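I have placed the structure first, in the form of structure tokens, so that the comments after it can refer back to it.
Read-outs throughout are calculated quantities, based only on the coordinates presented, and are distinct from any laboratory measurement. Model, not experiment: these values are computed from the prediction. FYI the Cβ positions are ideal-geometry reconstructions off the backbone, even for glycines, and counts take in every protein chain you see.
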Amino acid sequence: MALVELRNLTKVYPLTESLFGRGRGETRAVNNVSLDIFAGETLGLVGESGSGKSTLGRLAIRLLEPTSGTVWFDGHDLGSASAGELRRLRRHMQIIFQDPFGSLDPRFRVEDIIAEPLDIHEHLSRAARRRKVVELLHAVGLDDSILPRYPHEFSGGQRQRIGIARALALRPKFIVADEPVSALDVVVGAQIVNLLAKLQREFGLTYLFISHSMPVVRYLSTRIAVMYRGEIVEIGTTEQITESPAHPYTRSLLEATPEIVA
Amino acid sequence: MSRRALSLTRIARHNWLAVAGLALVGGFVVCALFAPWLAPQDPAHIDLPARLQSPSWPHWCGTDELGRDILSRLIYGARISMLVGGSVVAVSLLLGMVVGSFAGYSGGRVDRVVNIIVMNAFLSFPGILIAIAFVAFRGPGIGNLIAALVLGGWVGYARLVRGQVLATREKEFVEAARGMGASGWRVVLRHITPNIIQPVIVQAAIGMAGAILAEATMSFLGLGVPPPTASWGSMLNDGRSHLLDAPHLVLFPAVAVMLAVLSFNFIGDALRDALDPRARMEVGL
């Protein structure tokens, strides 16, 4: 049984809304997608902007309500889970955002940002809380000296590391990484990708790695799903997709990847 | 937010009007707090033989038509203005924040109902008209006056807060909090509110000016604090009949109202300028 099972997920956004109800016209961000994500793997989700991959990522951890379809996490149907059950399940599924500048509350200190999941789900003493936060900081390659500081004092790469530390706080099983390196420059992005690979080994994580960049997805993923206009057009192992792509869209994505000719 | 923090020295350097405003407001607050010790005489003490005297010793601002010392009445009037103004802003702000946050965060049909029906209904009436109707219905008194002005004024704060909450709700750090399993309360109180408080504070400062003016207006119309309590507005009303032969009856309370309103406006403008220009654009100012 897969860790995460998406069945016939659809997300439709109406185009107009008024006091009296919905208008005509809609946009299908995600159209009847079914997907399995197995424990321990990294499923890469690749597609251009507007293909619906971020929406799918958020649907997978119930940050968004689907218009129809079900999401199963670890055997639990997230749609029919009670509020308390959903809250408990959230410990095991976390998300890393694309924008390192928007995903951290500018009014929170770093210590409080990373400890927030702990504050919500556990009741730790101050000392225990601090110890856990320091442990997480070290895991992502940051120093304890940053604890009392604010997000705006750090670079994009450092802020992304803080976001990753936060996502790890509750030792989740599943992490949706929504374009975690798209807003960073290449060198910093590569460091973050390597960090994610290391953490996967250390913490036994399962990733849904969303990106528009094929080279990055290729590097990290065991399987790749290609998304176009709200639908999965092709899915297979990384070797299958990169060496013998079946769908024309997949082929065009691969062709668009710049290759360094030796 | 240390980078965007309000720096008093920065305000002082760029905006001396705000400093003057702060000093004046300080003066009014001192008058309000220490009126019994500062006022040279009892503001309700009637002394008919000494009525309508021009400013002189011992009445520095003269006396009114009942011989009461105008300076003392001005000082006690500051008490009413600060008390009523402060209470109206505080309660309107609280009510506006609760309703605005609730509507903005809930979104969907709840927001549509609250915004379009409730808020627009209140906005379609001039605040002073609502206040007059309320006092006419409930009778005079300081409690009723405050309630009346809150009824007429809360929507301004609610509308601002709702807009701010709608914008902030879409930010990723709010999504992150929800993704962690934070309750709606936690998200609104710990994440959204601290991030929207700055424009709300600006609105409150300027709202004080409006509240003071509104109180003076209500008292002028005879719907404010009942006599013999001194209020700048009721002093203006009492002085109307002697406008030509004893203008000091009208002049001093008018100047007091003007200075109070101006000082809060200056403070509000300086607060707005001290905000990060980026934040100004977000607020739409």
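How long are the three semi-axes of the equivalent ellipsoid of the protein assembly as shown, in whole Å, if each is the root of 5 times an eigenvalue of the C-alpha gyration tensor, listed from largest down?
Numbers: eigenvalues 781, 123, 74 Å².
After scaling each eigenvalue by five and taking roots: 62, 25, 19 Å.
Positive end of the charge dipole of the stretch A:106-262 (Lys, Arg +1 and Asp, Glu -1 on Cβ, about the Cα centre): tell me which of A:240, A:230, A:118 has its Cα farthest that way.
A:118
Go through B:224, B:136, B:98 and say which Cα lies farthest out towards the positive end of the charge dipole of chain B; charges sit on Cβ, +1 for Lys and Arg, -1 for Asp and Glu.
Looking along the dipole axis, the top candidate is B:98.
Can you pull the mean other chain C-beta count within 10 Å for peptide B:181-189?
Per residue, the number of nearby Cβ atoms from other chains is 3 on average.
If one computes the Cα centroid of the stretch A:70-125 and of the stretch A:195-244, what distance in Å separates the two points?
23
Please report, in whole Å³, the volume per residue of the convex hull around the C-alpha atoms of the stretch B:34-88. Don't jump to the answer; show the numbers that get you there.
Values: hull volume 4.1 nm³, N = 55.
About 74 Å³ per residue, rounded to a whole number.
Using modelled amide H (1.01 Å from N, peptide plane; none on Pro or chain starts), what sits under 5 Å from the amide H of residue A:95, excluding residues fewer than 5 places away?
Hits under the 5 Å cutoff: A:176.
Could you run the Karplus curve 6.51 cos²θ - 1.76 cosθ + 1.60 with θ = phi - 60° over the stretch A:27-43 and give me ³J(HN,Hα) per residue in whole Hz, x for Gly and Pro?
Residue by residue, the stretch A:27-43 yields 10, 8, 5, 10, 10, 6, 8, 10, 7, 10, 10, 8, 4, x, 8, 10, 9 Hz.
Setting aside same-chain residues fewer than 8 positions from residue A:132, which lysines have a Cα under 23 Å from its Cα?
Answer for residue A:132, where 23 Å is the Cα cut-off: A:173, A:198, listed by chain and number.
Under a point spin-label approximation (7 Å from Cα along Cα-to-Cβ), what is the residue A:77-residue A:12 distance to one decimal in nm?
2.1
Please work out how much length the chain gains when fully extended from residue A:257 to residue A:1, using 0.36 nm per residue of separation minus the C-alpha to C-alpha distance, in nm with one decimal.
Extra length from residue A:257 to residue A:1 when fully extended: 88.7 nm.
Using the C-alpha atoms of the stretch B:139-242, what convex hull volume per residue, in cubic angstrom, is computed?
Considering the Cα atoms of the stretch B:139-242, their hull volume per residue is 109 Å³.
Rounded to the nearest 20 debye, what is the charge dipole size of chain A about its Cα centre when +1 sits on each Lys and Arg Cβ and -1 on each Asp and Glu Cβ? Kindly include the intermediate steps, with their values, before the conclusion.
Details: 31 positive and 31 negative charges, 141 e Å.
Here the size comes out at about 680 debye.
Sort A:185, A:74, B:245 so that the residue with the fewest other Cβ atoms within 10 Å of its own Cβ comes first and the one with the most comes last.
Result, fewest neighbours first: B:245, A:185, A:74.
Can you list residues whose amide H is under 5 Å from residue A:228's amide H, if they're 5+ apart or on another chain and H is modeled 1.01 Å from N?
A:233
Excluding residue B:146 itself, what net charge comes from residues whose Cβ is under 12 Å from its Cβ, given Lys and Arg +1 and Asp and Glu -1?
With Lys, Arg at +1 and Asp, Glu at -1, the neighbours total 0.
To make sure I understand the rule: partners must be lysines, Cα under 18 Å from the Cα of residue A:53, and not fewer than 8 residues away in the same chain. Which ones qualify?
Once the sequence-local lysines are set aside, what remains near residue A:53 is A:11.
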